[in-house]
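Below: the structure, in structure tokens.
The values are calculated or read from the model by the stated rules, or taken from the named source; none is laboratory data. In this text, all values refer to a predicted model and were calculated from it rather than measured experimentally. A quick note on method: Cβ atoms are made from the backbone with ideal geometry, for glycine too, and the neighbour counts reach across all protein chains shown.
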Amino acid sequence: MLDIETVKKWQPQAFQALDSALKNSHLPHAIVLISPGEVGEAELAEALATRLVCSDPGEGLVSCGKCENCHLRGIGTHPDVYYVRPEGRIRAISPETIGGMMTSLQTKSLKGIAKVVIIEQAEALSKESANKFLKTLEEPSSKTYFILLTSRGERLIPTIRSRCQTIRLAPLGKEDMLKVCREELKLTVPAAEFLARISRGRRAKALQMAGSLGEYQKDAADILEIYSLRERALPAIREFSLAKHRAMKEIKDQGDEEIAKAKKKLSDELKDADPNVKKVELQKLEDAMIIANAEILQDMRAAVYEMLTDLWRDVWLMKRNAPEQEALHSFLLPQLKRLSSLYSEDEIVRNVSEIDLVRGPAVFLSMQFDVVLQGLLARHIAPPEGRVLLRDAIKATGL
Ligand SMILES: [Zn+2]
């Protein structure tokens, strides 16, 4: 967790919005914090929840830190603060989870001050869950607060969003991001500068990329090489896509192995437990681990599409004679310039919009990644005249 002073510095507006709402006693009963990822949203939600249940709060977003409620919050066992998170293999917040939360809310608050529900990854509310939840949101009992967290605000069900006050957290500024890369991630100056640029203020993205910067740079160079071959690139496209597919499969297999090991360990620990309890616990563990692994793979797929978009963005800048330092991949300037002469403005724009079209479904649905990537890259290199359909492009790659 980040300390609250850092969050205050990074998110002055969001902090101020909550602070003055509390000072003026205008805090809405439902708030959604929309963030670019790990820039203080969880810490703000925690601080607000603690402030709301504190017996002796200060003015604004300040809790006393001394009362029993603050103590219980500190050790994470406050009975009036509930957490709702996506569960199960499909990573959804189920109607049952919402039902359970609503039942808990019907009882009197145990400490008599307020009840707070923190809903993590609120975009995972299914339609059915959202409808159930709406009833509670429309007729809030007094002293019950909902704090929703999401880094995908556009996926949040509109009827829910319209009943919450939105507070947006900002991406980190360049200097703060550089500091994260230098001090927190211990990167060298050039690596920190590159990562600060490419992550665009999303700390979650920087944390995720920090360990694989070399690999990213190699992939970016390979992709530019592929694009420069134009129609002669099909074998290289196939090779690149299959290599990515293999890397992801390796991670998936590794994950499966870890699940098996963890299940065996838990099974040994619970050898004397009731068989039904044991079964439920093993299933819970497996589900949680499957979700975590699926998220890693999802992030990897998303990163490939983001890299493609960012590379074309740079080619576009070169095409428009923008200053060189504006390029995200400044270490690839000669290659970027070469592509800017090989592709027309129309082609560049079309390529970017095709990535946009494919990336959502290709990241979140279980489409075969290497096939989609091959098709997309094959479309990108095709000449503007007689461009082939996606399925023909896939056929052309020999699959
Ligand atoms: Zn307190």
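Evaluation of PRO79 against the conditions (1) under 29 Å from the mean Cα position of the chain (by Cα); (2) within 16 Å of the ligand (Cβ to nearest atom); (3) within 24 Å of ALA170 (Cα to Cα) shows that the sole unmet condition is (3).
Might you let me know whether the range 123-134 holds any residue that is under 30 Å from the mean Cα position of the chain (by Cα), at pLDDT 95 or above and either assigned to a strand (DSSP E or B) or surrounded by fewer than 15 Cβ atoms within 10 Å (Cβ to Cβ) (or both)? No, the range 123-134 contains no residue that is under 30 Å from the mean Cα position of the chain (by Cα), at pLDDT 95 or above and either assigned to a strand (DSSP E or B) or surrounded by fewer than 15 Cβ atoms within 10 Å (Cβ to Cβ) (or both).
A quick yes/no check of all residues on (1) free of Cβ contacts under 8 Å to residues at least 60 places away in the same chain; (2) over 24 Å from PRO190 (Cα atoms); (3) hydrophobic (A, V, I, L, M, F, W, C):
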| position | (1), (2), (3) |
| --- | --- |
| ASP314 | yes, no, no |
| LEU317 | yes, no, yes |
| ALA327 | yes, no, yes |
| PRO334 | yes, no, no |
| LEU342 | no, yes, yes |
| ASN351 | yes, yes, no |
| GLY360 | yes, yes, no |
| MET367 | yes, yes, yes |
| VAL372 | yes, yes, yes |
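For the condition in contact (Cβ under 8 Å) with a residue 12 or more places away in the chain, out of contact with any Ser or Thr (no Cβ under 7 Å at 6 or more places or on another chain) and loosely packed, with under 14 Cβ neighbours inside 10 Å, what is the one hit in ASP356, ASP310?
On the way: ASP310 fails: loosely packed, with under 14 Cβ neighbours inside 10 Å.
Every option except ASP356 fails the conditions.
When GLU96 is tested against (1) buried (at least 17 other Cβ atoms within 10 Å of the Cβ); (2) more than 14 Å from the ligand (Cβ to nearest atom); (3) within 26 Å of the chain's Cα centre (by Cα), only condition (1) is not met.
Picking from GLY37, GLY65, which residue would you name as being within 14 Å of the ligand (Cβ to nearest atom) and assigned to a loop (DSSP other than H, G, I, E, B)?
On the way: GLY37 fails: within 14 Å of the ligand (Cβ to nearest atom).
Only one candidate qualifies: GLY65.
Apart from one condition, LEU110 fits all of (1) within 16 Å of the ligand (Cβ to nearest atom); (2) free of Cβ contacts under 8 Å to residues at least 24 places away in the same chain; the exception is (2).
When residues of the range 17-34 are filtered for being within 16 Å of the ligand (Cβ to nearest atom) and either crowded, with 20+ Cβ neighbours inside 10 Å or among the β-branched types (Val, Ile, Thr) (or both), how many remain? Step through it out loud before you land on a result.
First, pick out the residues of the range 17-34 that are within 16 Å of the ligand (Cβ to nearest atom): 22.
Of the ones still in play, those that are also either crowded, with 20+ Cβ neighbours inside 10 Å or among the β-branched types (Val, Ile, Thr) (or both) are none.
So the count comes out to 0.
Look at the range 65-82: where a residue is in contact (Cβ under 8 Å) with a residue 40 or more places away in the chain and a partner is of a type outside the set (Ser, Thr, Tyr) and more than 6 Å from the ligand (Cβ to nearest atom), sitting 6+ places away or on another chain with Cβ atoms under 6 Å, you get ASN69/VAL53; ASN69/LYS111.
Restricting ARG73, ARG91 to residues that are crowded, with 16+ Cβ neighbours inside 10 Å, closer than 13 Å to ALA49 by Cα and assigned by TED's automatic domain parsing to the domain that holds GLY40 narrows the list to ARG73.
Would you be able to tell me the number of residues in the range 104-120 that are of a type outside the set (A, V, I, L, M), touching a strand residue (DSSP E or B) at 6+ places or on another chain (Cβ under 7 Å) and surrounded by fewer than 20 Cβ atoms within 10 Å (Cβ to Cβ)?
Filtering the range 104-120 down to residues of a type outside the set (A, V, I, L, M) leaves 104, 106-109, 111-112, 115, 120.
Pick out the ones that are also touching a strand residue (DSSP E or B) at 6+ places or on another chain (Cβ under 7 Å) and you get 104, 109, 115, 120.
Filter again for surrounded by fewer than 20 Cβ atoms within 10 Å (Cβ to Cβ), leaving 104, 109, 120.
Total satisfying the criteria: 3.
From ARG51, ARG91, ARG73, which residue is basic (Lys, Arg) and more than 16 Å from the ligand (Cβ to nearest atom)?
Numbers: ARG51 fails: more than 16 Å from the ligand (Cβ to nearest atom); ARG73 fails: more than 16 Å from the ligand (Cβ to nearest atom).
Just a single option satisfies the conditions, and that option is ARG91.
The set of residues from the range 138-150 being touching a strand residue (DSSP E or B) at 6+ places or on another chain (Cβ under 9 Å) and modelled with pLDDT under 90 comprises PRO140, SER141, LYS143. Just one of the listed residues (GLU225, GLU215) is assigned to a helix (DSSP H, G or I), under 16 Å from ARG301 (Cα atoms), of a type outside the set (Val, Ile, Thr) and out of contact with any Asp or Glu (no Cβ under 9 Å at 6 or more places or on another chain), namely GLU215.
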